[in-house]
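Scroll down for the structure; my scribbles are underneath it.
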Amino acid sequence: MLTKSTPSWPDTHNIGMATKATVAAGAITILAGLAGAVAHGLLFASTPVWFNEYIPVWFACSLAFVGMQLVYIATKPRANIDKLWTFAADVFYYVVLLLATFIGLVAYGVGGNWPAFAWCLVLFFAIAVSIGVLFKRRFSKESTAIAPSDAKPRIKRCCACCGATVVSFFKGMHLFFACFLAAGAVAAAYANSFAARGKMYEIDTGDSTGRTMRIHVYCIGETNTAYPTLWLVADSAHGVVDFYGLQFYLNRESGQQNRRVCSYDNIGFGWSDHYKKDTLLTQNWFGNLVAASGEQTPLILIGWGAGGSTIAAYTKARPSDVAGLGFITVYPPGIEFTSYVAYKSLSVTEAADYRRLQLFGRNVLSQIILALAIPWGLMSIIVPSAQDPTYYPPDRWMEFRVQLWTSKAWMTQYAGIKYLQSANDTLDPLFAAAPLPPIRLAHVVCKLTDDQACLNANGGAVFTGDACTLQKFNNRFYQQQQLAMTLALVPNATLVNNTETGCGLALPLTKPEYTAQKLWAELGSVGRYG
């Protein structure tokens, strides 16, 4: 009597110890990657940190996927391992992934991003192990961990094909992101490749915590015993690279005096330390910086934008240390909100909602840049590197441009937005310090007509229709509020009006020579003691 035989599966029922170990290693790798991604995400959400935690999150997720692939290799059917084209595709995948990870490893090591470097190192090791497992399975006769299926052959082949397609798709996406992450690492290394031109000073943060931070100060010219040093001050999003041109032209205007002109990088920008909690308010520690630098006082302080708040606070607290003041396009804090509120005649509640929504949008933008644009190396697209002919000196253009490619700068932006969400503008020194002790103040401002308000520097229309109507209102409102703020601080202040079409906030960058000439004409004769 004939009996129906049951097919045997000699290579599939018994999983070898090596395969079990590989599967276990893959599972541990998956868990490590997922745990790392969650940990770094929580760190970014809950604490002010030194590094962009989104970058390690990407590499941690990459590690988890490599762990999944390691399990897949260990359990892959023998027939698939033996196929030359699938083996070649796997080798290509791992070689490209290994190369991209190596680039990230080197670049983040050079750039000093140690969390990203550590994850790249772990990821590199995991990929190398995976390559070893792949070759071992290919050239050995180990059993597979896949149990036999009782499904009909056609269904089995269909499921296998669909599974392989899905795996191939995700592997392709993984390579895609890995290449972008490598590009981001190279961009970060390039942005950090420029050496500091000034000196680093370690100062107290000024918040009674005993913490210290290092601030980069760059000075040109010689100290003059008869005339005060000029010190340039900006907000947290700007620093030394923004003032190269203005420093040069101010020094040149002084002629044989070779007047000393200094600038510095705010915390979280340029070559100064990364942002630390509660250090954004420069007025809390600017006095410590001046003292540490050894520059002789009194000084002539020149504030650009929100830098006006810092020098107003310093002047109010230490009037004997200030010989004169210069403002460059300084506006009342929060004017972008108050102007729109006035234009729309919003109620108090509506005004608060508008401010909250605007800051929320900025917050989202900073998060997108930190999470995607910087890790993927896309900042050269968002902040193009094409030379701006108005920037001086032209040979330092890239040194200036790459500052906004860095995680450091955008983490500071993020912290600044978080601060503004709870800030009370009326407590800003530009309001609270008024009136200042008797002192000379020169303010270089933009004074445009309604016809100029909607045009760019070349006379082309930037705003049309309702947008132009709003821009004209903003132009008038900004000028009125700026004048009122300036005269409240110093009633006899001098306003230097720039009436050129296209005049805007970036005067020190777009017109450094003009700005230096106007400031020097008003403040150059100020002696050390008035």
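The values are calculated or read from the model by the stated rules, or taken from the named source; none is laboratory data. Keep in mind it's a predicted model, so treat the numbers as computed, not measured. Virtual Cβ from ideal backbone geometry, glycine too; neighbours counted across all protein chains shown. In case anyone asks, the SASA skips ligands and DNA or RNA and just uses the protein heavy atoms, side chains included. Shrake-Rupley method; radii C 1.70, N 1.55, O 1.52, S 1.80 Å.
Assuming R0 = 45 Å, what is the FRET efficiency of GLU336 and CYS162, from their Cβ-Cβ distance, to the nearest 0.05?
Details: r = 54 Å, r/R0 = 1.19.
After rounding, the FRET efficiency stands at 0.25.
I want the antiparallel fraction of DSSP beta bridges within the chain, as a percent rounded to 5. Show your work: numbers first, answer last.
Working: 11 of 33 bridges.
Bridges in the chain that DSSP calls antiparallel: roughly 35 percent.
Over 22 Å between C-alpha atoms is what I'm after, so list which of LYS76/LYS136; LYS199/LYS316; LYS276/LYS418; LYS277/LYS316; LYS316/LYS518 land there.
Working: LYS76/LYS136 13 Å; LYS199/LYS316 27 Å; LYS276/LYS418 13 Å; LYS277/LYS316 25 Å; LYS316/LYS518 24 Å.
The answer is LYS199/LYS316; LYS277/LYS316; LYS316/LYS518.
Hey, can you find the accessible area per residue of the chain for me, probe 1.4 Å, expressed in square angstrom?
Numbers: 25110 Å² over 530 residues.
Roughly 47 Å² per residue, with all protein chains present.
Using mean Cβ contacts within 10 Å as the protection proxy, how do 306-318, 26-38 order, highest first?
Working: 306-318: 23.2, 26-38: 17.8.
Order by mean packing, descending: 306-318, 26-38.
For LYS344, list the aspartates and glutamates whose Cα falls under 15 Å from its own Cα; do not include residues on the same chain fewer than 8 positions away.
Within reach: GLU336, ASP353, ASP466.
Okay, helix-only estimate at 222 nm for the chain: each DSSP H run of n ≥ 4 adds -39500 (n - 2.57), divide by all residues, round to 500 deg cm²/dmol; what do you get? Could you put the intermediate results ahead of the total?
Details: 19 runs with 285 residues, N = 530.
Theoretical 222 nm ellipticity from helices: -17500 deg cm²/dmol.
About the Cα centre of region 242-317, how large is the charge dipole given +1 on each Lys and Arg Cβ and -1 on each Asp and Glu Cβ? Please answer in debye to the nearest 20. List each step's numbers first, then the result.
On the way: 6 positive and 6 negative charges, 28 e Å.
So the magnitude is around 140 debye.
Treating each Cα of region 182-318 as an identical point scatterer and ignoring solvent, apply the Debye formula and state log10 I(q)/I(0) at q = 0.21 Å⁻¹.
-1.32
Once you list every other residue whose beta carbon is under 13 Å from the beta carbon of ARG362, what net charge do they have if Lys and Arg are +1 and Asp and Glu are -1? The partial results should precede the final answer.
Numbers: positive: ARG355, ARG356, LYS418; negative: GLU336.
Net local charge, ARG362 excluded: +2.
How many nm is it between the label spots at VAL110 and ASN497, if each spot is 7 Å from the Cα in line with the beta carbon?
According to this spin-label approximation, the distance is 5.2 nm.
For helix 54-75, what angle does its Cα long axis make with the longest principal axis of the chain, in degrees from 0 to 90 and rounded to 10?
Helix 54-75 sits at roughly 0 degrees to that axis.
Full extension from CYS468 to ALA317: what is 0.36 nm times the residue separation minus their Cα-Cα distance, to one decimal in nm? Let's see the in-between values first.
Details: separation 151, 0.36 × 151 = 54.36 nm, distance 4.17 nm.
This chain segment gains 50.2 nm when fully extended.
Taking a cut-off of 33 Å, what percent of all Cα-Cα pairs in the chain are separated by more than that? It would help to have the intermediate numbers written out before the result.
Details: 73455 of 140185 pairs.
The calculated P(r) of the chain puts 52 percent of pairs beyond 33 Å.
Taking only C-alpha pairs under 8 Å that are 6+ residues apart, what is the relative contact order of the chain in percent? Please list the in-between numbers first.
On the way: 840 pairs, mean separation 81.0, N = 530.
Normalised by residue count, the contact order of the chain is 15 percent.
List, in order, the whole-Hz ³J(HN,Hα) value for each residue of region 518-523 obtained from phi through the Karplus relation with A = 6.51, B = -1.76, C = 1.60 and θ = phi - 60°; use x for Gly and Pro.
Per-residue couplings from phi come out as 5, 5, 5, 4, 8, 10 Hz.
Can you tell me which aspartates and glutamates have their Cα less than 12 Å from the Cα of LYS472? Leave out same-chain residues fewer than eight positions away.
Candidates past the 8-residue exclusion: ASP450, ASP451.
Based on the Cβ-Cβ distance of LEU43 and ASP450, what FRET efficiency does E = 1/(1 + (r/R0)^6) give at R0 = 51 Å, to the nearest 0.05? Mind showing how you got there, number by number?
On the way: r = 50 Å, r/R0 = 0.97.
The calculated FRET efficiency here is 0.55.
Please report, as a whole percent, how much of the solvent-accessible surface of the chain comes from carbon and sulfur atoms (probe radius 1.4 Å).
Working: 15820 of 25110 Å².
Within the chain, the accessible surface is 63 percent carbon and sulfur.
According to the Kirkwood expression over distinct Cα-Cα pairs, how big is the hydrodynamic radius of region 450-530, in Å? Let's see the in-between values first.
Working: mean 1/r = 0.0678 Å⁻¹.
Kirkwood radius, region 450-530: 14.8 Å.
Specify which residue in the list ILE155, GLY334, ALA484 is farthest towards the positive end of the charge dipole of the chain, using unit charges on the beta carbon of Lys, Arg (+1) and Asp, Glu (-1), about the Cα centre.
The Cα lying farthest towards the positive end belongs to ILE155.
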